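The values are calculated or read from the model by the stated rules, or taken from the named source; none is laboratory data. Worth saying up front: this structure is predicted, and the values here are computed from it rather than measured. Ideal geometry is used to build each Cβ from the backbone, glycine not excepted, and the neighbour counts take in all protein chains shown. SASA here: full protein model, heavy atoms, side chains in, ligands and nucleic acids out. Shrake-Rupley method; radii C 1.70, N 1.55, O 1.52, S 1.80 Å.
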Amino acid sequence: MREIAWGNDDDGMLLGARAHDARLISLDFVNHRQLLLTLRRADGTEVKLSYEGVQEISLGQIWDDSIVNAIFIWSVENVPSSQSVDAGWNALFQGRAGLQYFKEDIRKIIDRDRSQFLSVIGFVHGTSTAVVCKTLRIAEA
């Protein structure tokens, strides 16, 4: 496995993983602290995303052979507001009480550790997975 340096663009889109149109072939949630996704890219190569130090997670509806549309990642202090149900904080809190109730939860997450990240993995079938973590490591086989 070769580790890949990653970054994000001005909108928060993850750069480096080349995961657009990749298929989810494996998902492991280890000890409630690590989320490991293995994706098969359109060119047949595999990439692993390891979200470590997981504090919050919403897996959403994951189907067999889910295809990644886009992956976003932001510092928890810099998550843009959005009206879209599957973007930003809304993806993490989807299906829970309304925005007026989870603003306090967002503040608690930020106050707990400002160096955390929120990442949202959007799938082409319209659902998303969201995770608050300490670090993200990306590796390809």
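Remark: spin-label model distance S26-Q100 equals 4.6 nm, labels positioned 7 Å along the Cα→Cβ axis.
Cβ under 9 Å from D105's Cβ, D105 left aside: what net charge do those residues give with Lys, Arg +1 and Asp, Glu -1? Counting the neighbours of D105, the net charge comes to +2.
Counting only alpha carbon atoms, the long axis of helix 99-112 and the longest principal axis of the chain meet at about 70°. Among the protein heavy atoms of region 2-140, carbon and sulfur supply 48% of the accessible surface, probe 1.4 Å, non-protein parts ignored. In order along region 26-35, phi translates into HN-Hα couplings of 7, 9, 10, 10, 9, 6, 6, 10, 9, 10 Hz, rounded to whole numbers, per the Karplus curve 6.51 cos²θ - 1.76 cosθ + 1.60 with θ = phi - 60° and x for Gly and Pro. With R₀ fixed at 25 Å, the C-beta to C-beta distance from Q61 to R33 puts the FRET efficiency at about 0.60.
A 1.4 Å probe run over the chain, with the rest of the protein chains in place, finds 54 Å² accessible per residue. If R0 is 25 Å, the Cβ-Cβ spacing of D111 and A5 corresponds to a FRET efficiency of close to 0.30.
The charge dipole of region 2-140, taken about its Cα centre with unit charges on the Cβ of Lys, Arg, Asp and Glu (plus for the first two, minus for the last two), comes to roughly 280 debye. With all pairs of different C-alpha atoms in the average, the Kirkwood value for the hydrodynamic radius of region 2-140 is 15.0 Å.
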